[in-house]
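*Asks:* Structure in structure tokens, see below.
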Amino acid sequence: KQEVTQIPAALSVPEGENLVLNCSFTDSAIYNLQWFRQDPGKGLTSLLLIQSSQREQTSGRLNASLDKSSGRSTLYIAASQPGDSATYLCAVLSGNTPLVFGKGTRLSVIA
Amino acid sequence: DTAVSQTPKYLVTQMGNDKSIKCEQNLGHDTMYWYKQDSKKFLKIMFSYNNKELIINETVPNRFSPKSPDKAHLNLHINSLELGDSAVYFCASSPRPGGTGELFFGEGSRLTVL
């Protein structure tokens, strides 16, 4: 059974810092991995989708990497801004099982 | 235009009542989902429909009944509401079954059962 863990649960950084969010999964036989952003009281916005054959994906200041063999993904945020404050969720698709979510990392970027 | 829209956004009701949440997507996707986010913010799938057919039902009480009149709509009806049903319910859609494509979420419907 796939399990997804995100560390840390919460993170607070000053504006301008580069930061890394971590996601690990127990079953390395995945189809893809997605990073989402959730703002308070809002839905989930897809940030990056990495297929199992890919090593990384980039969108603007965001870079997500995938290491299937070790069961890990990282989301790198460059030059963080207060507007980046949100909860970041990692979700993994493997086999015929539904997307499995981690519990998220709550990020606060302090101006 | 909102891609995945849910109504109502907030719902407060008494135990034992029956309520429905509606979801519509205008993305032309074949697959739609209902997820439940509990008080600890943990997201878990409830149902998945592909082109109006149920493909995933994840050990959800049969008080919950999804209905898909067409592939752009997936509604969730809940009978005999219980306190533990209080949560945020998210609808999502994907271009392919099993979520192999990107998932797009609605803004959620916060259900409070008193």
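All of the numbers you see were taken from the coordinates with simple rules; none came from a lab. Because the structure is a prediction, the values reported are computed rather than measured. For neighbour counting, all protein chains shown are included, and Cβ atoms are generated from backbone atoms with ideal geometry for every residue, glycine included.
*Asks:* Taking R0 as 41 Å, what's the FRET efficiency between residue B:57 and residue B:14 from their Cβ-Cβ distance, rounded to 0.05?
*Replies:* Taking R0 as 41 Å, the efficiency between residue B:57 and residue B:14 is 0.95.
*Asks:* Right, here's the next one. Based on DSSP, what percent of beta bridges with both residues in chain A are antiparallel, to the nearest 5?
*Replies:* 90 percent
*Asks:* Please report the equivalent ellipsoid semi-axes of chain A, computed as sqrt(5 x eigenvalue) of the Cα gyration tensor, largest first, in whole Å.
*Replies:* Ellipsoid semi-axes (Å, largest first): 23, 14, 12.
*Asks:* If you don't mind, there's one more thing I want to ask. What FRET efficiency, computed as 1/(1 + (r/R0)^6) with R0 = 35 Å and r the Cβ-Cβ distance, is obtained for residue A:61 and residue A:1, rounded to the nearest 0.05?
*Replies:* 0.55
*Asks:* What FRET efficiency comes out for the pair residue A:28/residue A:108, r = Cβ-Cβ distance, R0 = 41 Å, nearest 0.05?
*Replies:* 0.85
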